[in-house]
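Every read-out reported here was derived from the displayed coordinates using simple, explicitly stated rules and does not represent laboratory data. Remember, predicted model here, so these are calculated numbers, not experimental data. Note that we place each Cβ from the backbone using ideal geometry, even for glycine, and neighbour counts take in every protein chain shown.
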Amino acid sequence: MYAVVDIKGEQVVMREGEKVRIPFQAGLEEGATLELDRVLLIQTEKGTKVGSPLVEGAKVSLEVAGQARGRKVLVYKKKRRKKYRRRAGHRQVYTEVVVAKIQGA
């Protein structure tokens, strides 16, 4: 059983009991629960339901495992023959969650 959920414009595949990284959710502490109702697709033993655009009555319950930052991504800029070089780094912040339950309609 799995579901495809829309979180802040990003589509994430979720399976029960699995740890998933989702875009940063402010104000959540470790152990907090989160319920998502923007389910785009849900697949169960009975079959697959595809929303248009959302599956009615479907919800995904999540438990927050923590907040963290991803690997550093380096960005280089250079203009040849001009002695112009710039290097910048960025670490994306994300929330790690455990999928507690997927409720399909």
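Please go through segment 1-11 and pick out each residue that is out of contact with any Leu (no Cβ under 9 Å at 6 or more places or on another chain) and either surrounded by 17 or more Cβ atoms within 10 Å (Cβ to Cβ) or not in a strand (DSSP E or B) (or both).
If the condition is that a residue be out of contact with any Leu (no Cβ under 9 Å at 6 or more places or on another chain) and either surrounded by 17 or more Cβ atoms within 10 Å (Cβ to Cβ) or not in a strand (DSSP E or B) (or both), then 1, 8, 9 are the ones that fit.
Just give me the residues in segment 12-23 being in a loop (DSSP other than H, G, I, E, B) and either closer than 16 Å to residue 59 by Cβ or free of Cβ contacts under 8 Å to residues at least 24 places away in the same chain (or both), in sequence order.
The one that is in a loop (DSSP other than H, G, I, E, B) and either closer than 16 Å to residue 59 by Cβ or free of Cβ contacts under 8 Å to residues at least 24 places away in the same chain (or both): 16.
So the check is Cβ under 6 Å with 6+ separation or different chains; which pairs have a first residue in segment 24-50 that's in contact (Cβ under 8 Å) with a residue 24 or more places away in the chain and a second one that's outside any loop (DSSP other than H, G, I, E, B) and among the hydroxyl-bearing types (Ser, Thr, Tyr)?
24/94; 24/95; 25/95; 35/61; 43/2
Among the strands (runs of 3 or more DSSP E) confined wholly to segment 24-105, which include 2 or more residues that are surrounded by fewer than 13 Cβ atoms within 10 Å (Cβ to Cβ) and either within 19 Å of the chain's Cα centre (by Cα) or of a type in the set (Asp, Glu) (or both)? I'd like the intermediate steps shown before the answer.
Values: elements: 33-36, 39-43, 48-50, 59-79, 84-103.
Passing ranges, in order: 33-36, 59-79, 84-103.
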